[in-house]
Structures are given as structure tokens and as C-alpha cells.
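Structure first, then comments.
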Amino acid sequence: MSILESQLKEQILKRMSIDNPWWLTGTIPDDYKKMPRRSYNALFYPMVSDRSVRRATILMGPRRVGKTVMIYHIIDKLLQSGVNPQKIIYLSIDTPIYNNISLEDLFNFARQALRQEDVYQDFYVFYDEIQYLSNWEIHLKTLVDSYRSVKFVASGSAAAALKMKSNESGAGRFTDFMLPPLTFYEYVQLLGYHNLIVERNVSSIIPYDSINMDELNRIFLEYLNYGGYPEVVFSEKIRSNPGLYIKNDIIDKVLLRDLPSLYGITDIQELNKLFVHIAFRSGNEFSYEKLSSESGVKKETLKKYLAYLEAAYLIKVVHRIDQNAKHLQRVTQFKIYLTNPTLRCALFSPIVETDDYMGSMVETAVFAQWIQGEQKDFYYANWTSGREKGEVDLVWTDPATQQAVSLVEVKWTDRYYERPKELKSLYSFLELNRNLHQIIVTTKSKTGSYMTPFGNIQFIPTAIYTYWIADSLLANKTQKLLG
């Protein structure tokens, strides 16, 4: 080994010791200890601690949703459970001195730093920001096959790249875990607003209510503007200028770096222009022809861009069914939602309750909860019958029968609670789709029910509904994982 190589190795080992302070102290740094823990920690920890299945765990998600913080919290829990601190290795692949070093060499260097060169058993190895290493999926699969008693965990912000490569090369060797932006349930819990939420009678279809609906609505509006990212939630400085933080550190890095490098996109400005166009109109119905005309992007290129933006977890395309809940043979119209309403605030300006697009952002927030639940069987209904046009916001169908089973109409007003017969589109849809399990219309503040000839409508405030859905989906994930 040359003198230069020896000096480089010495610097690598020093860097590893700095990044793994628990090797000496037995604990994670205080600043990480003080950070609030996301509800998803309880889901992620069993996937890391379970050594019975020989698989690497891939933690993926959009930028700045708290993946690195979650890793530190998981390390803290491993330490508290009695794991030897010198059996836990954390390596951030974007560290400049680790440039182009293979995952196995980094593992070997870490064991040298620990003076355990000849020991290969019972380590927990965390590779953070793994997308910065070319062909990481091949490296990681080899490690899983070679070191049978080592638990490997990788994380990365380029969600699209990670998902694609995990599916291609990690079959049977990788388990994916998606960490979404903050749900409204998490937002309420993290900021200590949970005392505003009370549980209703167990026999009630709607499990929650609020002791102060006006205050909960104020918090919900905060969530629309600032609630997607933990750092924004807890930093007044960032909230005073969310565009500078979210746009530069989240949106631009995905549009200008992650997607172009993954898919070979050459016209970055065209992609950026399209995303801004969609973000301003989140929740609107589009067609390829109209979107192409408005954005100036060719139709075939447009289809690719939409797929890329969806893979990057920036948007969700929701497909249309007709008034009979039937899928259309040819996809001509569809809705597009941001996966997180905070993205719109970052690109433009915070919304206020009286804004014309308040309704579409409320709808975006509701969809964001369901999207994070990884639901795939929901649609929106839209139809034209003679002179009548109709639409229902959110419809679930039975994949086997293609019949509607439940629906939600999202409103930010109490008007329809007072005058339910004005829900003409909903009535038209219900008349053709009998025996739905659940019919929900959201309101601004009212809770109640109304019996129609076609079923019972449950009215529930949007903020309560959004909280309930996020809580329910997280509970379902937990039950599925532990059950």
C-alpha cells in the first residue's frame, strides 16, 4: 500500500468513527434523541430487527421526509434493546471521502475501525443515501448473499431509482419500505394537538370528533401549507420562506438531478414547466391533448414525464370511471394530484381559506392520505348524460365485479349538510350504484347523517376525516406487519 493510500485509509477510518459515536459513547447524539419520532418508526423497526429472514431492507421516500432521522432513532432503539454498540455501523454514501468505494469495502473498513477485521457475524449495517453509488443494487445483493448473519439496511431519496432497481435486481433479497410525507394524523400528534381529538361512541361509523372544530380547521389549514415535511413543521425560519427550502432542497433536486440522471431527460426546463403547471392545478381533470397544448410538451413525451413524476412520488394520476362505475376502454381523461399539498405552497404562496383553489387543495390533502396508504383501487367518477354532467370525487370498486363499494365526496362547506338534496351528481351516481357499504360527504364543521332512497349519507368534517383515514391506514399497516 502506498503512503497516499495509507493516508486515505486512515482518513476513512477516522470519518467512520466520527459518524458512529455510539461505538464509544453507547448512544446516539443528543440532537437526534430530541427530535420527534414519526409514527412509522414502529412499523420500520421490526423490519430492521428481524434477522430470521435473509433480506436487506430498503428505506425509500421523497426528499426531506426524515429518513436519516428515522435511521438514527432505529439505531437508538437497537441500543436500548441491548445490541452491542460496536455491532451497529452507519455509513452515509454521499460522504465525499467514500466516493466510488464499494459497499463491501466500506463494511470491511468499518470492521477495521472497530478492530474486528475477522468478525463477520451479527452486525447491523446502515447505508444512507445509497443512490450515490453506481450499481448499488448489485453490490447490496452480493452482500446479502455473502454475509448471512448481517442485517443490511439501505436508504435513499431518489425514490424512483430505488424502487426500479430494487424490483429489477433485489427480487427475493430486498424488502421495500416507503416513508411518505407527514400525514395529518402525524402532524396533529407531533405538534401536540391530539387533545383536540376525542373518540366517539364505539358503535359510531365515524370514530372521532373534535372539542374545538374551528381550532382543528385552523391546524388543518396549517397542514395544507406547511405540514408535509418534519423540518418545516418545527422551524419558524423555514415556514417564513417555505419556497426557498422546499423548492430548492426538494423539488429542484428531484427535477434537476434525480429524474434527469435516472431517465436521461435532456430538456430539464420542459419537465420543470410541466410540473409547475400540474402543481398549480392539483386535483383538476386533464386530458393528454389539453395538457400537451397548455404545457407545450409533445403528447408522447408528456406520458413519459407523468410516469417519471409519479415514480418520483411528486404526483399521483387517478383514473376515471363512468356513472355505472365501469372502467373506460380508452384513457382520455384523468385527474392529477400532488402527493403532498405543501408542495403547492412552496411553489406559489400559502393558501388562505377564502382562496378559489382552497377546495382543490383540501381534496389534494384527502387524496394524499389515501395515496400514502398505497391504495390502488380508487377512482373518480365523471360522466356526461345528455345535458347533465356529473362527478364524484373518490370511488372504490370491487376489482372482481367492477361495482362501486364505497365513495367520498370532498367538500369544504357545510352547505350540503343543510341542503343534502343539492348533491345532484351524488344522487345520480347512487341511483345507478345501489347498496354501497359507505357513503361519505365531508363538510367544514358538521357531523351527522341523512337517509336517501339509495343509502345513508354520513357527513363528517374534512379535518376529522383526513385524521381518521391517516390513523386507520397506519393501524392497518401495523396489523398487517405484526399479524
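Some points to look at:
- Amide H contacts of THR27: TRP22, each under 5 Å away and 5 or more positions distant or on a separate chain (H built 1.01 Å from N in the peptide plane; Pro and chain starts excluded).
- 3J(HN,Hα) along segment 148-154, derived from phi through the Karplus expression 6.51 cos²θ - 1.76 cosθ + 1.60 where θ = phi - 60°, amounts to 6, 9, 9, 9, 9, 10, 10 Hz, with x in place of Gly and Pro.
- If R0 is 56 Å, the Cβ-Cβ spacing of ASN435 and ASP355 corresponds to a FRET efficiency of close to 0.90.
- Sparsely packed GluC sites (Glu not before Pro) within segment 273-311, loop by DSSP, other Cβ within 10 Å at most 10: none
- Proximal aspartates and glutamates to LYS33, defined as alpha-carbon separation beneath 14 angstrom and excluding residues fewer than eight positions away on the same chain: ASP76
- Given their separation in residues at 0.36 nm each and the Cα-Cα distance between them, GLU117 and GLU418 gain 101.1 nm when the chain is fully extended.
- Burial order of peptide ranges 257-263, 339-345, 83-89, 354-360 (average beta-carbon count within 10 Å, highest first): 339-345, 83-89, 257-263, 354-360
- Difference of contour (0.36 nm per residue) and Cα-Cα distance, GLN333 to ASN99: 79.7 nm
- Cβ-based net charge around ASN195, under 14 Å, with every Lys or Arg adding one and every Asp or Glu removing one: -3
- Accessible area of the chain belonging to carbon and sulfur atoms, whole % at 1.4 Å probe: 47
- Highest to lowest packing among 131-143, 59-71, scored as the average C-beta count within 10 Å: 59-71, 131-143
- On Cα atoms only, tilt of 358-372 relative to the major axis of the chain in degrees: 50
- Listed cross-link partners LYS14/LYS67; LYS247/LYS290; LYS87/LYS237; LYS273/LYS424 are compared with a 32 Å cut-off, the Cα-Cα value being larger for LYS87/LYS237; LYS273/LYS424.
- Taking the C-alpha atoms of segment 360-483, convex hull volume expressed per residue in Å³: 120
- Additional length obtainable on full extension of the chain from PHE234 to HIS319, 0.36 nm per residue less Cα span: 27.0 nm
- Per residue, the chain exposes 45 Å² of solvent-accessible protein surface, assessed with a 1.4 angstrom probe and all protein chains in place.
- DSSP bridge orientation in the chain - percent antiparallel, rounded to nearest 5: 50
- Orientation-averaged projected area, Cα convex hull of the chain (nm²): 25.6
- Applying the Karplus relation 6.51 cos²θ - 1.76 cosθ + 1.60 with θ = phi - 60° to segment 429-440 yields 3J(HN,Hα) values of 5, 5, 4, 9, 10, 7, 6, 6, 5, 8, 10, 10 Hz, where x marks Gly and Pro.
- Cα gyration tensor shape for segment 1-44, rounded if a/c is under 1.5, else prolate or oblate: prolate
- Distant-in-sequence amide contacts of VAL150, defined by a placed amide H-H separation under 5 Å and a gap of 5 or more residues or a different chain, comprise ASP122.
The values are calculated or read from the model by the stated rules, or taken from the named source; none is laboratory data. None of the values given here were measured: they were computed from a predicted structure. Glycine gets a Cβ as well: all are built from the backbone with ideal geometry, and neighbour counts include every protein chain shown. Remember, those area values only see protein heavy atoms, side chains included, never the ligands or the DNA or RNA. Shrake-Rupley method; radii C 1.70, N 1.55, O 1.52, S 1.80 Å.
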